[in-house]
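Below: the structure, in structure tokens.
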Amino acid sequence: MIPVVTGGVLVYARLAGLLMTLPGVSVRAVPSYARLFVAVPLTLLMLPGVGTTEVPSALSVLFSQLASEALFGVAMGLCVTLVFGALATAAEVISTQSGLHIAAMLDPLTMTQPGAAGVLVTWLGTGVFLGENLHLRCIRALGDSLHQVPPGHASAAFMAANQLIPLAGVAITTGIQLAGPITAFVFCVNLGLSLLGRMAPGLQIFFAIGPTITVAASFGLMAISLPAILETWYDTLPRAFVAIADLLGPPR
């Protein structure tokens, strides 16, 4: 009985760590206690597939294993969150360059005040992530990890930086690439407005019609390119699962 309880506690710690960092679930709009409560039935579902867990010889060893399991789950969730963040990076760059950041609003998912484009793109990205059942794929990956890295042996969590740091670079690079076409278009619009302002100084281009033209042009281009942006971003998500596989290491 004690080995079963010990295994259940360790599996719960790994699941709780994942749910605390998983996109679409780890947002501030979802209370922390709700995520911890959801981890309970998932633990009961996964526990029968876990082999016998060795009972720690001391309570301090158990606490150390719990910390390692929680960090392991957090690392798995961060692998997905970093790639997911590429979309938020692109949205913030677009908002800043196009002037949409001026009309900031409260985003109930993150409790922050990004630009209008940032709110729209983040919600659409979350919808794609949940609609494609990628959150279930992450939970399934954690279930598979219980066979490759049994509960109580999650020492790989301390080597997670080897996967997380390259993923952070991928997220930043991908975000800038996704925002690149719209940023270049806004630059061309501003360049045209500056030339027009030089030819007709009395029009007060930048203070009268300039912001209106820039925002309208940005919205028009976003309406055209947003499906392609989401599709390109979606194609980068498998890198997160590759990083999770590298985090697990070779099968035991």
Next on the checklist: For a quick check: sort Ser26, Ser64, Ser145 by the number of other beta carbons within 10 angstrom, fewest at the front.
Outcome noted: Ser64, Ser26, Ser145
Item to check | Exposure proxy order (Cβ contacts within 10 Å, fewest to most) of Ile172, Ile94 | outcome: Ile172, Ile94
Next on the checklist: How much length would be gained if the chain were fully extended between Leu136 and Glu54, taking 0.36 nm per residue of separation minus their Cα-Cα distance, in nm to one decimal?
Outcome noted: 26.7 nm
Item to check | Residue order, fewest to most surrounding Cβ atoms within 10 angstrom, among Leu59, Leu87, Leu130, Leu22 | outcome: Leu59, Leu130, Leu22, Leu87
Next on the checklist: How far apart, in nanometres, would the label points at Ser64 and His153 be if each is projected 7 angstrom from Cα along the Cα-to-Cβ direction?
Outcome noted: 1.7 nm
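Quick note: the coordinates plus some simple rules give every number you see, no bench work behind them. Remember, it's a predicted structure, so these values are computed and weren't measured experimentally. Every residue, glycine as well, gets a Cβ built from its backbone with ideal geometry; the counts of neighbours run over all protein chains shown.
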